[in-house]
Every structure is written in C-alpha cells, then in structure tokens.
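The next block holds one structure in the form of structure tokens; read it before the comments.
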Amino acid sequence: MSKNSPGNYFEDFRIGQVIRHATPRTVTSGDVALYTGLFGGRFAVQSSDAFAKAIGYPRAPIDDLLVFHIVFGKTVPDVSLNAVANLGYAGCYFRSPVYPGDTLSALSEVIGLKENSSRKTGIVYVRTTGYKQDGTPVLEYVRWVMVRKRDEAAPAPGDHVPRLPTVLDPKVLGEACPPIDLPAYDNALAGSDYRLDDYQVGERIDHVDGSTVEEAEHMIATRLYQNTARIHFNQYIEGKGRFGRRLIYGGHVISLARALSFNGLANAFHVAAINGGRHVAPLFASKTVFAWSEVLGKSELPGRNDVGALRLRSIATADHPCEDFPFRNGDDYDPAVLLDLDYWVLIPR
Amino acid sequence: MSKNSPGNYFEDFRIGQVIRHATPRTVTSGDVALYTGLFGGRFAVQSSDAFAKAIGYPRAPIDDLLVFHIVFGKTVPDVSLNAVANLGYAGCYFRSPVYPGDTLSALSEVIGLKENSSRKTGIVYVRTTGYKQDGTPVLEYVRWVMVRKRDEAAPAPGDHVPRLPTVLDPKVLGEACPPIDLPAYDNALAGSDYRLDDYQVGERIDHVDGSTVEEAEHMIATRLYQNTARIHFNQYIEGKGRFGRRLIYGGHVISLARALSFNGLANAFHVAAINGGRHVAPLFASKTVFAWSEVLGKSELPGRNDVGALRLRSIATADHPCEDFPFRNGDDYDPAVLLDLDYWVLIPR
Amino acid sequence: MSKNSPGNYFEDFRIGQVIRHATPRTVTSGDVALYTGLFGGRFAVQSSDAFAKAIGYPRAPIDDLLVFHIVFGKTVPDVSLNAVANLGYAGCYFRSPVYPGDTLSALSEVIGLKENSSRKTGIVYVRTTGYKQDGTPVLEYVRWVMVRKRDEAAPAPGDHVPRLPTVLDPKVLGEACPPIDLPAYDNALAGSDYRLDDYQVGERIDHVDGSTVEEAEHMIATRLYQNTARIHFNQYIEGKGRFGRRLIYGGHVISLARALSFNGLANAFHVAAINGGRHVAPLFASKTVFAWSEVLGKSELPGRNDVGALRLRSIATADHPCEDFPFRNGDDYDPAVLLDLDYWVLIPR
C-alpha cells in the first residue's frame, strides 16, 4: 500500500468527525516580513511594535489574514485535496490575537454532508478552529467544499445541511482586540484622520491602486501557509487543464484587497470577522488586481467605548480600476469581479 | 468626499511645513533575510551577529540601504504620489545604527519650492529624517521632486531653492559606526585583505558579476519598504503608459550596485553617506545589472584611528558588463548607464 | 592590480591547503520563513517550536538542507568560481542541530587534486566543515569539482585522489538529533502514522505533487545562501551561453525533492547524512519538478531506541510525474531525471 496520502473523498467523511490537522506552525517575524513583501500592508498596528504597544497590545500582532491563511492551509490535505470547488465561508471570527512565537494548529469538525444528485460529488461542511500552543482558540470558521467521490456507488455518508449565520453578531467582534488606549492612537502615524463616525452606511470607497500578480509571488505566499492545493503550483498539470494555467489561491485576492483597502480605510486596523466570501472568478498571474469597498453597516461593540465595527463589502477586480465601483450587471457579477467579501473591521471611535 | 488619499499637489506644500509620515515600521530579522534573498549582500558586519559583536557592535546592524529604503518609502504617499520625476538626493547621512526590533518612522520638512515656467508643475525640496521609537535620528537626507499642480491657475505656494551640500563633510561620517576593534576584524571572514590604505584615489574597480532582475523581485522589495509609488506595481496602467512596463524603483538599482560592489570592496562595510545620486535611465525587469566603482576621494575621520572613509562613484549599467568602465560619451552618459551614485563608505584602516 | 576576486584556478590549490571562507552568516527565523515560502516544507519538527520542544529539542531546528546550502554557498567564491562542473558529493553528515541565532561559518581543506589529461582543467577535492560561532561543527562533506587552469602550461599542483565513503556509517547519523521523547511524538500533528517499521527495503513511494519553478524563486533562494555562482543569476551572459538560460542551483532541486517527499515520508524529520548525489541534468525555470523515493536500506542507530534510519534514493524529474518511478533506461538515466540522491533520514520507531 502506498504511503503517500490520497486525501479524503466524499464518502470518507462522517457527521461529527473531528480531524486534527498536520502541521503545527510557529509564526515569526520572518513570516511578517515576507507577508509585507508580498502584499505591502501598511496598517500601523501590524507594522509597528511601538505603535501597537502605545495603544494597548503587548507588541504588533500578526496580520489577521495571515493567521487565517495559515490555519486554512492546514485543512487542505484533509478536507479539500479532492475538491472540485471551494463553495463558501461563513461564521469566521478571530478569537485571540496571535504574536510572533505563537504556534498555530488547526482542528476541523464535519458539521454537514450533502451528496449531489449526480452521485459523483458531495458537499462537505467543516467548522475549523485554529488554536495556539496553549489551546487558546484564535480563529473559527465554517467552509463548505464540493468533494469528489472515490466510488460513485458508495452510499452517501450523511445527509445534513447545517444552518449558518449570514452575519457575525457584533458581540463576538472584539475578542481578538485588547482595550485600545484612544488618546495614544496617533492618526498621523496611522495614515488617516477618519474614524468610526466619519464613515456612513452606503458610502463607497475606491481604493485606487492596482497590484499586478506574478507567479512567483502567489506561489511563495501559498507555500508560506503550507497550503498544498495542487492547482496553485503545478504548471505541467494545469497547463493541460481547464484554464491552461495555475490558479491563484482565492485567499491571495483577499489579502491583496485588504492591503489595497488601506487607501481609504487606514484606521480599520483589525479584521474581526468574515461574514462570507465569494470567489466570483479565478485569478491568474499577470493580471492587475484593484478593489473598492462599500460600508454595509456600522455597530458599536457591547461594553466598549474604544472601537466600533464597520461591516464592509470589498470587491476585487482583475484589470479593471474601480472608480466606477464595478459590481453587478443585473443578476450577474460584472465580468471583471474576482471577489465579493463581506466582513467586519474594527476602527477607533 | 472620498476617503482615499489623493496625495499632495504642488500648491498643497508650504515652506517650513512639517509632515509626519505614516506608517511606523518595526524592522526585524525577517526583513534582513528577505533583503538578503533579494540582493545577496555578503558584507560580514550586516550578515553575522558574531562578526559584528567581535568588532564592537552589539549585534549585526540592519543594512544601511534597507534603512534608507524604509524611511524613503514612508515619504512617498505624502511627497511624491503626484510626482512627474524624482530629481535628486543630497546631504544623506546615517546618524545611528539600526538593529532588529527598532521601529522606524519618518518626518519631512519642506525646505524649498519652485514653480516651473509651464505653471503645470513645481519642484518640492524636502529634508527627511528617519528616527527610532525613542526619537533617535537614524538617517537624514534632502530630495527634490517635480510634482504636478492640481490646478494650473493656483498661485505658486512659495519660491525658494535651498543651498545643498555636494559632498558630506567627513566629520559626520562616523555617527552610525561604533568604535571598531581593529585587531578583531578578520579579513578572511570579511572576504578581502584590502583596507583603507590599499585604495588609491582614481582607482577603478569592475565588480564583475551581473544580476538579472525579475518583476516579482523588485515588487517584493519595494513593497517590503511599504513604498506605494504606483508606477512599480501596476502593469494594467503602465502597460498603456510611456514605457509599456512597470518601472523599477530607483533604490533597487542602488541596492543591486551595493551588493555587487562586495567583489572589490568587501571591507567597505558601512555606507556612511550619499552625497548625491542620479537615476540616469529607468530599469525594467529582465535586464541584467552590472556595476563598477571609482575611488573619488579618501578621508580620515576626525578623532578616529579605527576606520577611514572612501568616497566612491558607483556606476550601474543594464545589459553591459563593466570591464570597460562605461560612464560618459562626451556630455552624455553611456546609454547603458542606469545610475551614477556618489557616496562615502567606511573601511577599516 | 584589480581588487575584485578572480577566484582560484586549478593551479592555485595545494593538497592540505585550508581555506577559511567569508562570510559568516547568522541564521534567523527570517531565513526559516523565506525557506518555507520557497519550498513549502511541512515537517513538524522544523515548522513548530511547540512540536520540537515536546519531543526533546530546545526549539525548532533550522532545516538541514538550509544549513547545507548556507555552508555550501560560502565555499563557492574560493572553490568553484572557475568550475566547469560540480562532479559530486560524498560523506556529508550533520553533526549538530542549528537554531535561529546561530552564526555559520565554513572552512575547507583540499584533500585531493588530479589534473585532467587535456591539461586545461583539473579535479579539486575539498572537505568542507560548517561550524557555529563557538566552533561546534554542524556539517561536514566532501565535494569535487572540475576547475579550469588559468595557464595550461602551469604544472599540476598535486596528484592525489582521496578514498571516499560511499555510504555513511549509521553510527554517525544521530549526532545532530537529540534524544526523542517518543510518547510525545504526535503522528496526527506530524502528518503520518508510518514509522520506521512500516517501511520496507525496496519500497517505492511516489510523492505525487509537482512544483513549477520560477526564475525569481531560485534566484531568491540561491542569494539567501549567499551563493555567488554566476550561472544562476546572469541572463545577459547565460543567454549567450550553452543553454541560453540561467541554470538553477542543483541544491534547489534537492530542497524541492525533500519538500515533496513529505507526502509519503512525513515522519522522516531529519536528513542525517547525504551519501552521494548526482545532478543528472540541469533544471531551468518554468519546468515542474516531481519526485519519488525508494527505500535502499534501514538501520538502527547504535545505542538508541528512539529513532532509526532509512537510507533513501530520491529521484527528481522535470515535467514528468513519478507514478511510473522513472529512473534508468539501460545504462542511461531516463531523460526526465534531474537528480539521483542517496541519503539517510531519521524517523521515529
């Protein structure tokens, strides 16, 4: 019997099954530097120990999306190695800040299974928790993926579609954000004078700049997360495939959009939760990614006067600047749209 | 009103205006590793804690040019987002060593303004200071850029051209270099037997090797410095522009020339000052950069017997090896020349 | 006389000559992050401080091959700058674990010299030792390279071919591995249930995945090791050369094969020794590297009950998936084969 891992097929999953994923990963200032080099983020809290300390963190925390990508990457060999499509996320929120030196591990519970009518594939719903070396949970999210069956004749391993939240409740949004010392929060160093009250629901912000993506960049990023999804790395196989090219990890687009969003949202220093995300179209190297955001909502955080939350929709596009806020044409997305992301950020009051 | 930043136009500046730039940045061993991976520097002092400690540093300092690039990057959104051309540097010198863990911030004072006769643009002169979390200045330089006006009819915001030094005085060259324990300085580990007295004014050194630059490399480097100049990152826009390509950050050429210069200047371990630099021609990805240097001068450092200074001109070229020392053809630069850099390095006696 | 270094030619070497190489190099968590981004390794011991501590290391050690590449890189300017071909390795074994913060230096002794009958070149054999700041040896290996003569008429500087081991003795294989606390070794976190006794001599494992290599990636990696071999970096020169392209450092293929081998050998956490390696064909950017391994032997380690050793042959190929285990066609290697590596790994019992 071969010792390489074939990954799990649809019929290998069971409702309630708990999967402890390999490989634990110590996050370091080296990861922070490489993530900065790949995305160019400029949020002061994640960039500066001095700034972070001044406002109440023990030091600069690891970028929220870097934490997400590392946790997500661990689940790939067990959950989505035989996936046909990554269908969605829900209920993603950050539960504790992560600092250089922390070791991240991940665990997933199968919370739903639904065979497709073709009987060739099925949908697997997992709730994944990322946690630190001492067991502290740092991140939780649900995702669902369409996974091939090894054997079409195999019986469906379960039949349950879980109920999922469409929007995270503001009461969980502050868990990964310590109390912020507002007088110490320096707008000039942070890069913007706009705080919570300056943003209006319905307001749209063009993030202006564009980032062209190279093959080396997305592969270095995706390997940094130890994400092994084959479609990102193997031109020999993908060259013969549907697109003729390596497909860029969807999370790469999320990180690009977040970095671009600094121009207009510089004080939105913490991604507190992701309500849901849709990868509308695949991204390929040599394309230039642009982004814009709309404020979908605002919320106070129960019991906190330091920060509030903005609910944002960020749209990323390929080769299409966003001054005209491309989104939908009737029922369809504008063909330039790559990503439709609904999430909560925290911002000082 | 849109919350993204349009940057400053010529009429937005005032003589004496002080700009505190975003984003403070903690420099780490992660940045050092990535900078090594991008440029391949081999100077022992910056590469080895053990070597640096042996000669008198508390640990390996951050490469001088990495400090320069990080400080420079912070000024881009405020000073040169609407620049037509980066015209020059002067009076750049390093005032304190920077170590992993230090947080760098930057502040610029507008010291000169001169509208061009077209009234469409003007020249802005700024003196920028980079400093640490405790206020220690680490770097100071003047640069001048040609910046667009938003409104041609706007009155000129000032009319003053500052006097600038052409060469830094040797008395400021040692500020960022602790006393060096000469007997502990190991030539074999450093890679060369040549010290101050072995170099002659007028001597020319071909640095032999060439470095081909890829798009991913210069973009990763420039994002590492959080430099947001759009021309480096956006192929969609630049593809329609004057060159049809992304332009590589001029500082990338400086770092390449410095790394190449190890071959012939291995003991010149500290860039103490940059007298001036001219980006003679733009560099594009896929070109191979070569370099050579001429010793323009030598100087003792007042009160110091450990190290002396060499004033160098380093010339970088594209796709042109430097055994024939390409420089000028009559009044013009040789068409292969990219960079003409005049600077001081320290070297053990 | 020019101050740049021409490197050594065959007639410059002497039997017994000892060369202390520049540049000492402090290895950091930044190097670890970049190495992860470039190769995507997932071995738990090198990835996680928490995992490493649990089983008996003080923290996660630096990847063995990263140590090898850094030590190797130092020898290039002195040993192989004028090499025609890198002919082989032997007797490579790791003698002490390396941790972030350690500074690596290298020293080589010339142990053999053999002029070729053409009198234009000769073979130089060196034994290289990598050691830490406190003198602890971390790595030792012999390599031999064919080096040009500067002057064909120069007399041969020596005539001795050393006897070299073909396989490292198991008694030296545990030197860089502390005692492992077996009950604390968590298979789920490590990514596999297979331990020493599960592998059979003669067993073959397809590592399945493929990695496409970009120019930026191999150059960043090779500069990270401060390896200055010109053929990897200079498209201007190589474009006019034999292959018309930059040649990828052979060690890059070794690291790719090692990272790929996780799929099937996840518990083989330590490369203890390299018996020998042959770079069968050059690798160029845009090719996709695959790998498979055969178990050539198994061994206990004298006096140890925690770990045992597997002797592996790993074969890497270009643009050729390895489910058919490509190796030899009669006397010749299969044309897809890049690398034939014979080495020992340690794995828990």
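The values are calculated or read from the model by the stated rules, or taken from the named source; none is laboratory data. Keep in mind the model is a prediction, meaning the values are calculated, not measured. Using ideal geometry, Cβ is built from the backbone for each residue, glycine included, and neighbour counts are taken over all protein chains shown. Surface areas here come from the heavy atoms of the whole protein model, side chains and all, with no ligands, DNA or RNA. Shrake-Rupley method; radii C 1.70, N 1.55, O 1.52, S 1.80 Å.
Whenever a residue of segment B:199-218 is within 15 Å of B:Val345 (Cβ to Cβ), its partners that are in a loop (DSSP other than H, G, I, E, B) and not hydroxyl-bearing (Ser, Thr, Tyr), lying with C-beta atoms within less than 7 angstrom and at least six residues away or across chains, give the pairs B:Ile205/C:Lys3; B:Ile205/C:Asn4; B:His207/B:Cys322; B:His207/C:Asn4. Within segment A:182-198, identify whether any single residue is in a loop (DSSP other than H, G, I, E, B), closer than 29 Å to A:Ala22 by Cα and open to solvent by 30 Å² or more (accessible area, probe 1.4 Å), and answer yes or no. Checked against the condition, which is being in a loop (DSSP other than H, G, I, E, B), closer than 29 Å to A:Ala22 by Cα and open to solvent by 30 Å² or more (accessible area, probe 1.4 Å), segment A:182-198 yields no hits at all.
The set of residues in segment B:296-329 being under 21 Å from the mean Cα position of the chain (by Cα), of a type outside the set (Gly, Ala, Ser) and assigned to a strand (DSSP E or B) consists of B:Leu296, B:Lys298, B:Leu310, B:Arg311, B:Leu312, B:Arg313, B:Ile315, B:Thr317. Filtering segment A:321-337 to residues that are within 14 Å of another protein chain (Cβ to nearest Cβ), within 18 Å of A:Val253 (Cβ to Cβ) and free of Cβ contacts under 8 Å to residues at least 60 places away in the same chain leaves A:Pro326, A:Ala336. Only one of the listed residues (B:Gly130, B:Gly174, B:Gly135, B:Gly158) is open to solvent by 10 Å² or more (accessible area, probe 1.4 Å) and within 14 Å of chain A (Cβ to nearest Cβ). That residue is B:Gly135. The lone criterion from (1) modelled with pLDDT of 95 or more; (2) within 13 Å of the chain's Cα centre (by Cα); (3) over 25 Å from B:Arg59 (Cβ atoms) left unmet by C:Leu139 is number (3). Can you tell me which residue is farthest from B:Leu81 (Cα to Cα) among those in segment B:135-153 that are part of a loop (DSSP other than H, G, I, E, B) and touching a helix residue (DSSP H, G or I) at 6+ places or on another chain (Cβ under 9 Å)? Among residues in segment B:135-153 that are part of a loop (DSSP other than H, G, I, E, B) and touching a helix residue (DSSP H, G or I) at 6+ places or on another chain (Cβ under 9 Å), the one farthest from B:Leu81 (Cα to Cα) is B:Asp151.
As a summary of the residue check, A:Ala106 satisfies the conditions (1) assigned to a strand (DSSP E or B); (2) over 29 Å from C:Lys53 (Cα atoms); (3) not polar (S, T, N, Q) except for the one numbered (2). Where helices (runs of 4 or more DSSP H) fall entirely within segment B:1-102, those with at least 2 residues that are within 14 Å of chain A (Cβ to nearest Cβ) are at B:29-39, B:64-75.
The condition of being charged (D, E, K, R), away from chain C (no Cβ under 13 Å) and open to solvent by 10 Å² or more (accessible area, probe 1.4 Å) holds for B:Arg242. Filtering segment B:262-278 for residues that are open to solvent by 10 Å² or more (accessible area, probe 1.4 Å), of a type in the set (A, V, I, L, M) and more than 8 Å from chain A (Cβ to nearest Cβ) leaves an empty set. On inspection, B:Lys114 does not qualify as in contact (Cβ under 8 Å) with a residue 12 or more places away in the chain, within 13 Å of another protein chain (Cβ to nearest Cβ) and charged (D, E, K, R).
Taking the condition over 20 Å from A:Phe68 (Cβ atoms), crowded, with 21+ Cβ neighbours inside 10 Å and more than 14 Å from chain B (Cβ to nearest Cβ), does A:Val142 pass?
Taking the combined requirement at face value, the residue does not satisfy it.
Flag: C:Lys114 does not match the condition of being at pLDDT below 95 and either surrounded by fewer than 22 Cβ atoms within 10 Å (Cβ to Cβ) or among the β-branched types (Val, Ile, Thr) (or both).
When the test is whether a residue is more than 30 Å from A:Asp134 (Cα to Cα), more than 19 Å from the chain's Cα centre (by Cα) and open to solvent by 20 Å² or more (accessible area, probe 1.4 Å), C:Pro6 passes it.
The one condition from (1) within 14 Å of chain A (Cβ to nearest Cβ); (2) open to solvent by 10 Å² or more (accessible area, probe 1.4 Å) that C:Ala291 does not meet is (2).
Residue count for segment B:239-280, restricted to those that are closer than 25 Å to A:Ser286 by Cα and in a loop (DSSP other than H, G, I, E, B): 11. Please indicate, with yes or no, whether at least one residue in segment C:48-58 is touching a helix residue (DSSP H, G or I) at 6+ places or on another chain (Cβ under 7 Å) and closer than 13 Å to A:Thr26 by Cα. Within segment C:48-58, one or more residues are touching a helix residue (DSSP H, G or I) at 6+ places or on another chain (Cβ under 7 Å) and closer than 13 Å to A:Thr26 by Cα.
Here's a check for you: in segment C:215-227, which residue that is in a loop (DSSP other than H, G, I, E, B) and more than 7 Å from every other protein chain (Cβ to nearest Cβ) is nearest to C:Ser255 (Cα to Cα)?
To start, the set of residues in segment C:215-227 that are in a loop (DSSP other than H, G, I, E, B) comprises C:225-227.
Those still in the list that are more than 7 Å from every other protein chain (Cβ to nearest Cβ) too: C:225, C:227.
Numbers: C:Tyr225: 13, C:Asn227: 15 Å.
Among them, the one singled out is C:Tyr225.
Condition first: over 10 Å from the mean Cα position of the chain (by Cα) and within 13 Å of chain C (Cβ to nearest Cβ). Now tell me which residues in segment B:251-261 satisfy that. Once the filter is applied, which keeps residues that are over 10 Å from the mean Cα position of the chain (by Cα) and within 13 Å of chain C (Cβ to nearest Cβ), segment B:251-261 yields B:Leu256, B:Ala259, B:Leu260, B:Ser261.
Comparison of A:Val32, A:Val79, A:Val84, A:Val98 shows that the only residue that is in contact with a Lys or Arg (Cβ under 9 Å, 6 or more places away or on another chain), of a type in the set (A, V, I, L, M) and open to solvent by 30 Å² or more (accessible area, probe 1.4 Å) is A:Val84.
Of all residues in segment A:97-114, those that are more than 19 Å from the chain's Cα centre (by Cα) and hydrophobic (A, V, I, L, M, F, W, C) total 3. Return the residues of segment C:199-213 that are facing chain A (nearest Cβ under 7 Å) and open to solvent by 40 Å² or more (accessible area, probe 1.4 Å); say none if nothing qualifies. Selection gives C:Val208 alone. Taking the listed residues C:Asp334, C:Asp319, C:Asp342, the one that is within 22 Å of C:Val138 (Cβ to Cβ) and out of contact with any Asp or Glu (no Cβ under 6 Å at 6 or more places or on another chain) is C:Asp342, with no other qualifying.
Being in contact with a Phe, Trp or Tyr (Cβ under 6 Å, 6 or more places away or on another chain), over 21 Å from C:Gly276 (Cα atoms) and not polar (S, T, N, Q) narrows it down to one of C:Pro157, C:Pro183, C:Pro162, so name that one. On inspection, the qualifying residue turns out to be C:Pro157.
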